[in-house]
Amino acid sequence: MTDTYCSQSFEIGHLSLGGSSPVRIQSMTNTPTKDEQASVAQCLRMIRAGAQLVRLTTQGKREIKSLERIRAALASRGSGVPVIADIHFNPALAIEAAKVADKIRINPGNYLKGGNIEKLLPPLLETCRSHGTAIRIGVNHGSLDPATVEQYGDSPSGMVESAMQFLRVCKSHDFHRVVVSMKSSNPRVMIHSVRLLVKQMTREGIYFPLHLGVTEAGDGLEGRIKSAVGIAPLLLEGMGDTVRVSLTEPPENEMP
């Protein structure tokens, strides 16, 4: 068991996250972001099902333009739900997305691509600061960068160090609109990595909110049980500020 983790709170759009706020439920579209009509319709179904944040994949500049229009379309329909841009590899794209999204998500294992974190991350943080955009440092067990794997192996310890490199830069630049996640398709790896991360963040005086989820959990009863096995123990230990149940089903099925 880990001592209850007290994260700091901040606002994503009009939604409070962390601290004493309720655990926020989110999901992600599986429509092509360039198909704006289908993406808006799916976001609305997710929101009606209970999604408090919605995330869309953002692979290129066309998707950023689509994301901006999707966000505006949701707002015109009375939805104040924050819209998240999921960035895969391109640091320059992350900066552009941060200008139009409420929050962006980057994966440390893919983001640097051999680049220098002290050179690449600060400009993104400053863009997020000037536009009021939050950022999730989202580590995936299956995509750690080669240097981390060489030093730590493909392990929870490697996942923690991958995240901490980014979180230390956020702290040193006094940027606090940060969420962090440690995801794996193996619930045991996910649980262990989150526990290790919380211990390390606490040692270093970092208290960013936690996003919990088992990636690629599957579908049906198996996918639901697998997600519950990973998420529930951490919530019971006082860790977790937002969750996503990742099912290979229509995303509106994830919220219940």
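Cβ-Cβ below 6 Å, separation at least six or inter-chain, first residue in segment 144-167 and free of Cβ contacts under 8 Å to residues at least 12 places away in the same chain, second open to solvent by 10 Å² or more (accessible area, probe 1.4 Å): which pairs?
Y152/E161
Can you go through S162, S181, S157, S130 and tell me which one is outside any strand (DSSP E or B) and either in contact with an Asp or Glu (Cβ under 9 Å, 6 or more places away or on another chain) or open to solvent by less than 30 Å² (accessible area, probe 1.4 Å) (or both)?
Details: S181 fails: outside any strand (DSSP E or B); S157 fails: either in contact with an Asp or Glu (Cβ under 9 Å, 6 or more places away or on another chain) or open to solvent by less than 30 Å² (accessible area, probe 1.4 Å) (or both); S130 fails: either in contact with an Asp or Glu (Cβ under 9 Å, 6 or more places away or on another chain) or open to solvent by less than 30 Å² (accessible area, probe 1.4 Å) (or both).
So the residue among S162, S181, S157, S130 that is outside any strand (DSSP E or B) and either in contact with an Asp or Glu (Cβ under 9 Å, 6 or more places away or on another chain) or open to solvent by less than 30 Å² (accessible area, probe 1.4 Å) (or both) is S162.
I'd like the residue in segment 226-252 that is touching a residue at least 60 places away in the same chain (Cβ under 8 Å) and part of a helix (DSSP H, G or I) and, out of all such residues, is surrounded by the fewest Cβ atoms within 10 Å (Cβ to Cβ).
Among them, the one singled out is L235.
What's the total number of residues in segment 207-225 that are part of a loop (DSSP other than H, G, I, E, B), in contact (Cβ under 8 Å) with a residue 40 or more places away in the chain and not aromatic (F, W, Y)? Lay out the reasoning, then the answer.
Quick first cut of segment 207-225, residues part of a loop (DSSP other than H, G, I, E, B) only: 207-209, 213, 215-217, 219.
Okay, now just the ones that are also in contact (Cβ under 8 Å) with a residue 40 or more places away in the chain, so 207-209, 215.
Add one more test, that the residue is not aromatic (F, W, Y), and what stays is 209, 215.
Residues meeting the conditions: 2.
Checking E150 against (1) at pLDDT below 95; (2) closer than 23 Å to G240 by Cα, only one condition comes out false. Which one?
With (1) at pLDDT below 95; (2) closer than 23 Å to G240 by Cα applied to E150, the lone miss is (2).
Can you say whether A97 is in contact (Cβ under 8 Å) with a residue 24 or more places away in the chain, in a loop (DSSP other than H, G, I, E, B) and open to solvent by less than 20 Å² (accessible area, probe 1.4 Å), as far as the supplied structure shows?
Values: in contact (Cβ under 8 Å) with a residue 24 or more places away in the chain: yes; in a loop (DSSP other than H, G, I, E, B): no; open to solvent by less than 20 Å² (accessible area, probe 1.4 Å): yes.
It is false that A97 is in contact (Cβ under 8 Å) with a residue 24 or more places away in the chain, in a loop (DSSP other than H, G, I, E, B) and open to solvent by less than 20 Å² (accessible area, probe 1.4 Å).
Of all residues in segment 206-225, which are open to solvent by less than 20 Å² (accessible area, probe 1.4 Å) and either closer than 24 Å to S20 by Cβ or β-branched (V, I, T) (or both)?
Within segment 206-225, I206, F208, P209, L210, H211, L212, G213, V214 meet the criteria.
Pick from G80, G50: which is surrounded by fewer than 18 Cβ atoms within 10 Å (Cβ to Cβ), in contact with a His (Cβ under 6 Å, 6 or more places away or on another chain) and more than 24 Å from K171 (Cα to Cα)?
Every option except G80 fails the conditions.
For segment 135-153, name all the residues that are out of contact with any helix residue (DSSP H, G or I) (no Cβ under 7 Å at 6 or more places or on another chain) and not in a helix (DSSP H, G or I).
Within segment 135-153, R136, G138, G153 qualify.
Step by step: first the residues of segment 15-69, then only those that are of a type in the set (D, E) and assigned to a helix (DSSP H, G or I), then the one that is farthest from the chain's Cα centre (by Cα). Which residue is that? Lay out the reasoning, then the answer.
Step one: of segment 15-69, the residues of a type in the set (D, E) are 35-36, 63, 68.
Subset that is assigned to a helix (DSSP H, G or I): 36, 63, 68.
Numbers: E36: 22, E63: 18, E68: 19 Å.
Taking the candidates together, the pick is E36.
In contact with a Phe, Trp or Tyr (Cβ under 6 Å, 6 or more places away or on another chain) and in a helix (DSSP H, G or I): is that true of V189 in this structure?
no
The values are calculated or read from the model by the stated rules, or taken from the named source; none is laboratory data. What you see is a predicted model, and the numbers here were worked out from it, not measured in a lab. Because the Cβ atoms are built from the backbone with ideal geometry, glycine has one as well, and the counts that use them run over all protein chains shown. In case anyone asks, the SASA skips ligands and DNA or RNA and just uses the protein heavy atoms, side chains included. Shrake-Rupley method; radii C 1.70, N 1.55, O 1.52, S 1.80 Å.
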